[in-house]
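See below for the structure under consideration.
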Amino acid sequence: MTVFEKRLKNLLAAMEDAGIGAAVFSPSTDYFYLTGSARQPAQREAALLVSPERTALLLPGFEAENEPELSRRLERIPYSDLEDPAALLSALLPKSGRIAVGSEMRAKFLMALQQAGSRLSWCCADALTGPLRRKKDREEIRLIETAQHMAERALSRLLKEPVAGKSERELASRLMELRLEEGFDSVGSGIAASGPNTALPHHINGDRRVEKGDILMFDIGGLYRGYRADFTRTFAVGAVPEEFDRIYQIVLEAHLAGKRTARPGVPASQVDRAARQVIQEAGFGPFFTHRLGHGIGLDVHEPPFIVNTSPLPLETGSVFSCEPGIYLPGRFGVRIEDLLVLEEGGARSLNTLSKKLQVIPV
């Protein structure tokens, strides 16, 4: 049994437990997870149908043979431009009962399915796929860890080059080049924030140039064989500004507190609170303005979310970020982010790059 056949079997079991008669997914990360196909959304609809009776791909006819490796596992239902894909798919659904739909399905396509099946009720498939995807297998963890190390190597290479005088956009562009050289399939610009811009957790890279005495923050990742990397490091450039060393150490202690607390069965909220308490007790609680972390895998943000309102117990195989921060408006910000995988004995970092305070020479 292939990994995809096993995932489909697990999905069918979850559907039976939930009383779901069929599930339908458009091209998305769920689609990839269940089929291995990295097909992207396009003008012509495609859909994966999963039911006890059949597992099939509805595809435009002239594209039906584009991924021959899928033929051995999945039935194909090709359609022409003269046919209505929603009507074809509707005819394959149960006449009544509950249908689960992937959250990435276009509203127009979903509405056409709903109109054709008046006796059906509809729900989001996230309740089915979320628990399956939260628990990563060894290969998934290996791919994420490999991607993390590739991103770290790219940043390490950048830091061997002069950064003073470079703009945020120039540094981000160079990091994109380096990550692609390291083997990523695709990368985004990430965050390259300097000076007071580091106080903006999701800063948009601009034309500000790095100067001696600045704080410099990089938050980067990338896509590798379907899986994501994501980490953040914060540096001083040439000299350490006033109070930066203290703030940095508080954030580092918060990061380590979150990591220590993360164990199988511990609620996500407890991990967030453990890190947040360190920052609150140091007097900077109002300046930690986001959740501690998020799950990662096929999506850069996916369950489990490490936030103080989540009662979800963590489980082995979960991979999530631990990224506390303190952001002082108009001055600087500090964020330290690793990806953690939860194992029987606790959380293990998938990063190797040092988290000690580092001053980049000018």
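Roughly how compact is region 55-192, stated as its Cα Rg over 2.2 N^0.38 Å to two decimals? Please report the intermediate quantities before stating the final value.
Numbers: Rg = 22.3 Å, N = 138, 2.2 N^0.38 = 14.3 Å.
Against the empirical 2.2 N^0.38 Å value, I get 1.56 for region 55-192.
Tell me the trypsin sites (Lys or Arg not before Pro) within region 133-201 that lie in a loop according to DSSP and have at most 12 other beta-carbon atoms within 10 Å. Before the final figure, lay out the partial values.
Working: sites: R133, R134, K135, K136, R138, R142, R153, R157, K160, K166, R169, R174, R179; in loops: K135, K136, K160, K166.
The qualifying sites are K160.
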Per-residue SASA entry for E63, accessible area with 1.4 Å probe, Å² rounded to 10
50 Å²
Specify the inter-centroid distance of region 157-178 and region 1-73, based on alpha-carbon positions, in whole Å.
41 Å
Surface share of carbon and sulfur [accessible, 1.4 angstrom probe, percent] for the chain:
52 percent
With only Lys, Arg, Asp and Glu charged, each at its Cβ (+1 for the first two, -1 for the last two), find how big the charge dipole of the chain is about the Cα centre; round to the nearest 20 debye.
480 debye
K259: which lysines have alpha carbons under 29 Å from its alpha carbon, excluding same-chain residues fewer than 8 sequence positions away?
K135, K136, K355, K356
Per residue, what volume in Å³ does the convex hull of the Cα atoms of region 309-355 enclose?
92 Å³
Check C124: other-chain or 5+ apart residues with amide H under 5 Å from its amide H, H built from backbone geometry?
V101
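With a probe of 1.4 Å, find how much accessible area the chain has per residue, and write the answer as a whole number in Å². Intermediate results must be reported in sequence, preceding the final value.
On the way: 16120 Å² over 362 residues.
Per residue, the chain has 45 Å² of solvent-accessible surface.
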Helix 244-261: inclination vs the chain longest Cα principal axis, degrees, rounded to 10, gives 40 degrees
Run the helix sum for the chain: -39,500 (n - 2.57) per DSSP H stretch of 4+ residues, divided by residue count, reported at 222 nm to the nearest 500 deg cm²/dmol.
-10500 deg cm²/dmol
What are the ³J(HN,Hα) values, in whole Hz, obtained from phi via the Karplus relation 6.51 cos²θ - 1.76 cosθ + 1.60 with θ = phi - 60°, for each residue of region 150-162 in sequence order, with x given for Gly and Pro?
5, 5, 5, 4, 4, 5, 4, 5, 4, 6, 7, 9, x
DSSP beta bridges in region 34-143: the antiparallel percent, rounded to 5, is 30 percent
Inverse of <1/r> over all distinct C-alpha pairs of the chain, i.e. the Kirkwood Rh in Å, gives 22.2 Å
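The values are calculated or read from the model by the stated rules, or taken from the named source; none is laboratory data. Quick caveat, the model's predicted, so the values are computed rather than measured. Every residue, glycine as well, gets a Cβ built from its backbone with ideal geometry; the counts of neighbours run over all protein chains shown. Note: accessible area is taken over every heavy atom of the protein model, side chains too, but ligands, DNA and RNA are not part of it. Shrake-Rupley method; radii C 1.70, N 1.55, O 1.52, S 1.80 Å.
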